[in-house]
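Down below is the structure, laid out as structure tokens.
Laboratory data are not the source of any read-out in this text; all were calculated from the coordinates shown. Quantities reported herein were computed from a predicted structural model and do not represent experimental measurements. Positions of Cβ are backbone-derived with ideal geometry, glycine not excepted, and every protein chain shown enters the neighbour counts.
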Amino acid sequence: MAPAANEAPATREHEHVTAPSSLCVYCGSRFGTDPAYRSTAAAFGGTLAARGIELVYGGGGVGLMGTVANAALAAGGRVIGIIPRFLLEREAGHPNLTETVVVETMHERKLRMFERADAFVILPGGIGTLEELFEILSWRTLGLHDKPIVVVDTNGYWQPLAGLLDRVVDHKFADPGHLDHLAFVSALDQVLPAIEAMPRAAGFSKTLDRI
Ligand code: AMP
């Protein structure tokens, strides 16, 4: 859900973030079929810690979410988990995070995750991961923020998504500029360069077709 104008997220709009100090990671609450998904999540957690970048995530101790958090913690990194009260049990709220923020709703969770991150990284995941990606992408099309979004396309997992987004633009349901702050990368070492290379233009707004 995109916030109404009077409840727009507290974005640091147009801020020039070359090296992010905190990254929000969206990824699966399961491991998926390919062992590379898990090893990528673990490697990314370690990379964030090594770079001194704070990890913001959904606060669970399950699946790839738990994997990335554990790896960042094990490497001495800062990890902030934001989890709704009703999911504390189901997603095994991680007991050892640097900070856990317990919220009441899924919407509040996503808003807090959005506010605390300089950029977003999407690892393989399921419906929830897609929902989280599409929310920040749709906020982007409304010009509500210009934070970079990087999709890590481990072993081509996200190729159908890249194809779908191209199709949306080809069929003129979105402008190419709406995807300026979205990059697909195939390897983890491309994530930070992709974030740093992204334009920091003013928020791009959607034009609508009047009847
Ligand atoms: P999944 O990719 O389906 O394994 O879900 C990944 C994460 O997204 C889990 O922590 C889910 O609880 C979370 N999630 C799913 N739907 C939503 C939503 N509408 N708002 C916030 N988080 C969500």
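Residues considered: F120, F44, F86. Largest GNM mean-square fluctuation over the chain, using C-alpha springs under 10 Å, is found at F86. Of the residues G66, G76, G125, the one that moves most in a GNM of the chain with alpha-carbon contacts below 10 Å is G76. Once you reduce segment 45-88 and segment 149-180 to the center of their Cα atoms, the two points are 26 Å from each other. When K172, K147 are sorted by how many other C-beta atoms sit within 10 angstrom of their C-beta, beginning with the fewest, the order is K172, K147. Bridges between two residues of the chain, per DSSP, are antiparallel at a rate of about 5%.
Taking label positions 7 Å along the Cα-Cβ direction at both S186 and E108, the computed distance is 4.4 nm, reported to one decimal.
Judged by the mean number of other Cβ atoms found within 10 Å, the most tightly packed of the peptides 139-145, 165-171 leads the ranking 139-145, 165-171. Of the complete DSSP H runs in the chain, those spanning 18 angstrom or more by Cα along the long axis with a mean Kyte-Doolittle score not below -0.5 are 35-50, 127-141. Hey, with R₀ at 30 Å, roughly what FRET efficiency would N96 and L130 work out to, going by the Cβ-Cβ distance, to 0.05? Efficiency computed from Cβ-Cβ geometry: 0.60.
Estimated translational diffusion coefficient (Stokes-Einstein, Kirkwood radius over Cα pairs, 25 °C, 0.890 mPa s) of the chain: 143 µm² per second.
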